[in-house]
Structures are given as C-alpha cells and as structure tokens.
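Written below as structure tokens is the structure these notes are about.
The values are calculated or read from the model by the stated rules, or taken from the named source; none is laboratory data. Source: prediction; values computed, not measured. Note: ideal-geometry Cβ built from the backbone for every residue, glycine included; neighbour counts use all protein chains shown.
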C-alpha cells in the first residue's frame, strides 16, 4: 500500500474515533436539551465525519436511501401543508429534517469500517467508555471532574436532572458498542469487555435514570439469550422480539386505559405511573385521529385540558414512546412507516451478523436503544436526534465490514419502490382529507 494511502486511512480512522470522542465529551459536560448547543455539536460531528466519505461509492444504495428520506418528507410535509389539526408546525419540521439529514451523513460515514478503523475503535471506544464511567462515578463522589475539564469545551457545564439521564443513556449505548468490538476476539479482548460492562453498569446504576437501568437489565438479558440462542437459525424469534416494540404500543392503543389493568401489579414508582398516564391519554387521542394523526410533532404545541392530567402540556413536548409519537403525529401512516424501517433494520442486522461471534453484543445494543426510545426521547430536539444518530452510528460501525459487502438486496428496486409509493399514498391521503373530507 502506498504511504500516502496508508496515511489517508490512518487520518480517516482517527476522525471516526474523534466523532465518538466529541459527542461523549458533550454528553458528559454540556448536554442540556438546548437546541443551539446541540445544533453546534451536529456541525462539529459533520466536520469530523465528512472527510471519511472521500472516495466512497454513493451509487450502490442511493435509490433506496433517497426513497426512504423522500417518503418521510412526503408524509411529514403533507401533514403540515394539509393539516388534519392545528398542531403541526412547518418550522419545527424544517429543524427536524436538517438534523435527520446531518445524522444520515454521519451514520453513513461510520459504515463499512476498514480493519484499521476497527482496531482503533476497538480500543478507543473501550478506553472512552471506561473514562466516561469513571469520570461520572468520580463526579458523583464529589471530585468535581466536570470542573477540571471545563477548559476543553466552549459551552457551559450542566448538571441538571435531564443531563444526568442523557449521560446514562449514552453510557449504556457506548458500553454495548465497545463490547461488540471486543467480545470473544481473544482472551484479552473478552476480559476487557467484562471490565467495560462492570464499570459502566456501576455508573448507570448510580445515575437517576430508571429508564437506563431498565434498558440495561433488558439488554443484558438479550445478550445472554443471544449467547444461548444464536440469531442465525432463529429468524422468526428475533423478528418477533424486535417487532414487540411496535406491537406493545399498538395493543396499548387498543386496550387503553391500560393503567386500570396492570397498574395494581406494578410498583408505585413515579416514572412508571407518569408514563402509564401519558400513554393512556395518548392512546385515547390516537383513537380519535386514527388514520392521519395530528400532524408532525403535534404534542409540542398541544395543550392538555385541565383536570385530565397533572401537566398542562405533554412533559418534554412528547409522548415518551417513539412508536406512540409517530402514531400520534401521523396515525396509521406513521405506524406503517416506522414498522417498515424497523423491519428492514432487523433484516439487515440478521444477515450481517449471521456468523459473527460479536452478534450478542450488537443485539444488546439494538434492544438497549429500543427500550430507551420506548420510554423516552420521542421528540425532535437536537440533543435527542443526536442520540438517535449516535446509536445508529454505533450499530452500523460495529456490525459492518468494508471487506464484506452486505445488503445487496437493497440494490434491488423493490424496497425503494415501496417507500416511493408509500410517500405518494401518504401525501395524497393528507391532501384528499384536507381538500374534500375535512369537516364532513
């Protein structure tokens, strides 16, 4: 290999690790659900990721990803141009779309890692994960670690409850991403993976985030299950487990109020009772606008009638469940779109991980995110979209290999055609409802 090419690959590998380093630093020091800060971090990550796209072949899957983005644009744009309610807002859609576009570029830049990428990320992510956990534990013990590091960031430090929850989310996802690059490669790597798990879990269970703690327990269960029951020969079992994250919210909508059914059997914890109340209220609203929903990001602007819940608006401006959020905003159209995307992601991972010894950790990473986004983070704020972006970046970074082409089925026109047709149907549905059926 020419020296210039080797140097270029080294720079690209360092930039890949720098993406995760920059985001982890932001999560540990600054993240506070402020869009100006989050959008600045998006630009920093884009700055680091874009050079990795030099020399990439964009033709292979272009049709599919254009169709996917266009169908989402068609559905969401139609929901605010031809609104079925007064809650969808065009300017909020604009912010969400450019964040999703930036996210797509960052995720794509971290796909199909070279051998050098994987070696650098293997030990870089493990070191980063341990430093993040140890720093958090030290901060909780009064060592003022954030204050020591404030010179490395131009943004103000934050120690709010939301910041603490956001940290725990990322610590869990980064833990499984690190383990996926280490697990069962050799004895040293496996021992390092065990250390990463133990130290990370210690930090997560010191945090105030019950969602992260539940997701940690579920993902460990998935990790152990995947060790005993490999996914390669059990496609239907894994498909059912993944699609449960869609089926449970759908059943909730059908059976609500669910709190009356399962509430007596659950512990009286604020996080549980609050979410059940929100989910029941959301399910009732969904049934009233079942087909088209209330418009993109409708819950940000929707007032809750006095006496219905204890909040005047949805807490955080969202339903605390990603499936319910898409169902609320776009009705059955949103449900079909999200189900199709999740099914394709599962199918892709099942194929690429078919003979991988690291597959259990990747499945744990997938399920950790699904649990987290089933209990929170269903909005389109910059910090939340950043978490989606980095979760997917981890999944694709640890599961794809440059020397092993996968997903050749995406080159076939079927998947792209489905999303193009879906976008047309979604836009037409909103248009027909607004022009001919509204008020009738």
- Query: Taking residue 6 and the conditions (1) modelled with pLDDT under 95; (2) closer than 28 Å to residue 163 by Cβ, which numbered condition does it fall short on, given that it satisfies the others?
  - Reply: (2)
- State all residues of the stretch 44-77 that are in a helix (DSSP H, G or I) and farther than 23 Å from residue 343 by Cβ; if no residue qualifies, say none. 44, 45, 46, 47, 48, 49, 50, 51, 52, 53, 77
- Message: Against the conditions (1) closer than 23 Å to residue 391 by Cβ; (2) in contact with a helix residue (DSSP H, G or I) (Cβ under 9 Å, 6 or more places away or on another chain); (3) surrounded by fewer than 15 Cβ atoms within 10 Å (Cβ to Cβ), where does residue 129 fall short? Just the number, please.
- Response: (3)
- Which of the residues belonging to the stretch 312-334 are out of contact with any strand residue (DSSP E or B) (no Cβ under 7 Å at 6 or more places or on another chain), surrounded by fewer than 24 Cβ atoms within 10 Å (Cβ to Cβ) and at pLDDT below 95? 315, 316, 317
- Here are some conditions: (1) modelled with pLDDT under 95; (2) in a helix (DSSP H, G or I); (3) surrounded by fewer than 18 Cβ atoms within 10 Å (Cβ to Cβ). Residue 108 meets all but one. Which one does it not meet? (3)
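Provide a single number: the residues in the stretch 1-43 that are within 22 Å of residue 147 (Cβ to Cβ), assigned to a helix (DSSP H, G or I) and in contact with a helix residue (DSSP H, G or I) (Cβ under 7 Å, 6 or more places away or on another chain).
Residues meeting the conditions: 10.
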- Message: Cβ-Cβ distance below 7 Å, separation of 6 or more or different chains: which pairs start in the stretch 311-336 with a residue that is on the phi > 0 side of the Ramachandran plot and end on one that is in a helix (DSSP H, G or I)?
- Response: 317/299; 317/300; 320/275; 320/278; 320/375
- Subset of the stretch 135-171 that is in contact (Cβ under 8 Å) with a residue 60 or more places away in the chain and surrounded by fewer than 13 Cβ atoms within 10 Å (Cβ to Cβ) - its residue that is farthest from the chain's Cα centre (by Cα): 152
- Message: Can you find a residue that is crowded, with 16+ Cβ neighbours inside 10 Å and at pLDDT below 90 anywhere in the stretch 48-60?
- Response: no
- Task: For the stretch 221-235, enumerate the residues that are in contact (Cβ under 8 Å) with a residue 24 or more places away in the chain and not in a helix (DSSP H, G or I).
- Result: 230
- Taking only pairs six or more apart or across chains, which ones have beta-carbon atoms under 6 Å, a first residue in the stretch 172-193 that is at negative phi, and a second residue that is buried (at least 23 other Cβ atoms within 10 Å of the Cβ) and outside any helix (DSSP H, G or I)? 193/183
